[in-house]
Amino acid sequence: MPDESGQMQTDVIVADGNAAAAAGKPIHDVIFDFGNVLVQWEPRAVLVPRYGPRMVERFFDDSVSGFFHACDIMDGGGSEDEACAWIERNRGEEWASMFRFYQANFEDSLRGTVPGARVLVDDLKSAGVGVWGLSNWDEGNFQLADQRYPILHSLNDRVLSYDARMIKPHADIYEYAISRFGIDPSTSVFVDGKAVNVAGANAVGLRAIRFSDSRRLRTLLIDNGVDIPALID
């Protein structure tokens, strides 16, 4: 559901394409992405001790550094060495070195549980709503987050891209998660911060929400029939 600027709106239920038939159905299950939905992730924070603003901006331009492509390699189960080798071949040694620094200091990108997320998950569980996880993440860095944030293992079950050897927004990982969780996609909703992943969920018949704020998500779920405590205003 794009807004007038052509950008996908946040904090609305998107049910386009194959998900259109699910519009208006009750919500029995909620699938959460992890980064900046349950756990705050700020990758730029890793680079502050060593790199200036210009280098940081260039690093996060995939056409310059290959950062996001390298992350996809690792998220899909590849090693750091494989990711760095790809960068070195395609972008140069300088960017491969910077990527290694980022990986070595990844813990600095983890900034805490997203405010309101823990209680929202607990409220959904108390209401009998299934809560699940589906996230692109590489194995080593995910273990750091998993040890630090109990919310990540408070879910009913979860699918991680490195383990599944599949990554969002491709249809196969959504279909795998739906099958593994044993849920009905027509009565489920997926929550993710990226428009491309919302569209990927819609493609397999799963309604989705582009996340920006846990309070807005709470209100949206309540407005769509989920029986959890409302905000006091």
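The values are calculated or read from the model by the stated rules, or taken from the named source; none is laboratory data. Computed from a predicted structure; not experimentally measured. As a convention, Cβ positions derive from the backbone with ideal geometry for all residues, glycine included, and neighbour counts pool all protein chains shown. Accessible surface is based on the protein model in full, side chains and every heavy atom, while ligands, DNA and RNA are left aside. Shrake-Rupley method; radii C 1.70, N 1.55, O 1.52, S 1.80 Å.
Results for (1) within 23 Å of residue 214 (Cβ to Cβ); (2) charged (D, E, K, R); (3) in contact with a helix residue (DSSP H, G or I) (Cβ under 7 Å, 6 or more places away or on another chain), shown as yes or no for each residue.
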position: 8; (1), (2), (3): yes, no, yes
position: 26; (1), (2), (3): yes, no, yes
position: 81; (1), (2), (3): no, yes, no
position: 99; (1), (2), (3): no, no, yes
position: 105; (1), (2), (3): no, no, yes
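If you filter the stretch 11-52 down to residues that are open to solvent by 50 Å² or more (accessible area, probe 1.4 Å) and either at pLDDT below 95 or small (Gly, Ala, Ser) (or both), you find that the one that is nearest to residue 168 (Cα to Cα) is 17.
Are there any pairs, at least 6 apart or on different chains, whose C-beta atoms fall under 9 Å, with the first in the stretch 39-61 and of a type in the set (A, V, I, L, M) and the second part of a loop (DSSP other than H, G, I, E, B) and open to solvent by 80 Å² or more (accessible area, probe 1.4 Å), and if so, which? Short answer, once both residue conditions are applied: 56/48. Taking each residue of the stretch 5-24 that is in contact (Cβ under 8 Å) with a residue 24 or more places away in the chain and looking for partners that are hydroxyl-bearing (Ser, Thr, Tyr) and surrounded by fewer than 18 Cβ atoms within 10 Å (Cβ to Cβ) with beta-carbon atoms closer than 7 Å, six or more apart or interchain, yields 10/212; 11/212; 21/186; 22/186.
Only one of the numbered conditions (1) surrounded by fewer than 20 Cβ atoms within 10 Å (Cβ to Cβ); (2) of a type in the set (D, E, K, R); (3) touching a Gly at 6+ places or on another chain (Cβ under 7 Å) is violated by residue 158, and that is (1).
Return yes when residue 230 is outside any helix (DSSP H, G or I), open to solvent by 60 Å² or more (accessible area, probe 1.4 Å) and not acidic (Asp, Glu) and no when it is not.
Numbers: outside any helix (DSSP H, G or I): yes; open to solvent by 60 Å² or more (accessible area, probe 1.4 Å): yes; not acidic (Asp, Glu): yes.
Yes.
Of the residues in the stretch 164-174, at least one is surrounded by fewer than 18 Cβ atoms within 10 Å (Cβ to Cβ), at positive phi and touching a residue at least 40 places away in the same chain (Cβ under 8 Å). Taking only the stretch 83-120 into account, find how many residues are among the basic types (Lys, Arg) and not in a helix (DSSP H, G or I). Total meeting the criteria: 2. The set of residues from the stretch 29-67 being over 14 Å from the mean Cα position of the chain (by Cα), within 22 Å of residue 142 (Cα to Cα) and hydrophobic (A, V, I, L, M, F, W, C) comprises 45, 46, 47, 48, 59, 60, 67. In the stretch 192-227, of all residues being outside any helix (DSSP H, G or I) and of a type in the set (Asp, Glu), the one that is farthest from the chain's Cα centre (by Cα) corresponds to 227. The number of residues in the stretch 52-66 being in contact with a helix residue (DSSP H, G or I) (Cβ under 9 Å, 6 or more places away or on another chain) and either of a type in the set (A, V, I, L, M) or not in a helix (DSSP H, G or I) (or both) comes to 6. Being within 22 Å of residue 36 (Cα to Cα), modelled with pLDDT of 95 or more, open to solvent by 50 Å² or more (accessible area, probe 1.4 Å) and part of a helix (DSSP H, G or I) is not true of residue 142.
Among the criteria (1) of a type outside the set (Ser, Thr, Tyr); (2) crowded, with 19+ Cβ neighbours inside 10 Å; (3) within 15 Å of the chain's Cα centre (by Cα); (4) within 26 Å of residue 202 (Cα to Cα), the one residue 129 does not fulfil is (3).
Could we say that residue 123 is assigned to a helix (DSSP H, G or I), acidic (Asp, Glu) and surrounded by 16 or more Cβ atoms within 10 Å (Cβ to Cβ) here? Before you say what the answer is, go through the steps one by one.
On the way: assigned to a helix (DSSP H, G or I): yes; acidic (Asp, Glu): yes; surrounded by 16 or more Cβ atoms within 10 Å (Cβ to Cβ): yes.
The answer is yes for residue 123.
The single residue among 52, 116, 78 that is on the phi > 0 side of the Ramachandran plot and not aliphatic (A, V, I, L, M) turns out to be 116.
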